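Remarks on the structure that follows.
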Amino acid sequence: MVKNDRWIIDMAEKGMIDPFNNAQVRKGVISFGVSSYGYDIRISDEFKVPRPAGRVIDPKCFDDDNFLDYKGDVCEIPANSYVICRSLEYLRIPRETLVICFGKSTYARSGVIVNITPLEPEWEGHITISVSNTSPFPVRLYANEGIAQIVFLEAKELCETSYADKKGKYQAQKGIVLPKI
């Protein structure tokens, strides 16, 4: 069952989303905050940008040297490339909830694809986000503005094993966390 905005506000006030905006902020920015059935998260000003060295990226043996750390209000993604960033918000997902994520249409219309995996029950942390530019032109990302919408799904019963129970490798992550095996 998809939860409504009142439930999201109630949960956020209990520390589920920090920082939290109980209304959608839209004027002059890519929107963020509470939406009809979800929450539009923002990206922080921290990015990992691929080095132009032609190295192989191996998710089983990830080399942080393949990336440059960049901090700024605007990050430009070269044509047909990507960056890794993180949510500004820190999330704590309740045990009865699963969260799915979708890229914002403003960026989609610019050739940008946002990839975030589902957030499992009792996962917490900053969301690591992969942002791909599929267009033949450079595209700008704006820190502290909306990047994706998260939608909360409530289960009819509690899950048998939550992400916290599994002691998941990305639990309580802070900053941008690269692949782990």
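Each value in this text was obtained by applying a stated rule to the coordinates, not by laboratory testing. Computed from a predicted model, the values in this text were never measured in an experiment. All Cβ positions, even for glycine, are placed from backbone atoms using ideal geometry, and neighbour counts span all protein chains on display.
Here are some notes:
- From the list G111, G125, G175, the one residue that fits, being under 16 Å from M16 (Cβ atoms) and small (G, A, S), is G125.
- Y107 being out of contact with any Pro (no Cβ under 9 Å at 6 or more places or on another chain) and either within 27 Å of D63 (Cβ to Cβ) or crowded, with 17+ Cβ neighbours inside 10 Å (or both): yes
- Test for E120: is it touching a Pro at 6+ places or on another chain (Cβ under 8 Å) and either under 27 Å from G15 (Cβ atoms) or of a type in the set (K, R) (or both): no
- Here segment 68-101 is the region considered, the condition is being among the aromatic types (F, W, Y) and under 18 Å from Y142 (Cβ atoms), and the residue that is surrounded by the most Cβ atoms within 10 Å (Cβ to Cβ) is Y82.
- Scope segment 117-157; condition over 21 Å from Y90 (Cβ atoms) and either in contact with a His (Cβ under 8 Å, 6 or more places away or on another chain) or assigned to a loop (DSSP other than H, G, I, E, B) (or both); matching residues: T134, S135, P136, F137, P138, A155, K156, E157
- Some residue of segment 144-162 being within 24 Å of D64 (Cα to Cα), of a type in the set (G, A, S) and surrounded by 16 or more Cβ atoms within 10 Å (Cβ to Cβ): no
- Scanning segment 80-100 for residues that are in contact (Cβ under 8 Å) with a residue 60 or more places away in the chain, touching a strand residue (DSSP E or B) at 6+ places or on another chain (Cβ under 9 Å) and either under 21 Å from S31 (Cα atoms) or not in a strand (DSSP E or B) (or both) gives I84, C85, R86, S87, L88, E89, Y90, L91, I93, P94, E96.
- The residue that is surrounded by the fewest Cβ atoms within 10 Å (Cβ to Cβ), among those in segment 34-67 that are closer than 17 Å to I129 by Cβ, more than 17 Å from the chain's Cα centre (by Cα) and among the hydrophobic types (A, V, I, L, M, F, W, C), is I57.
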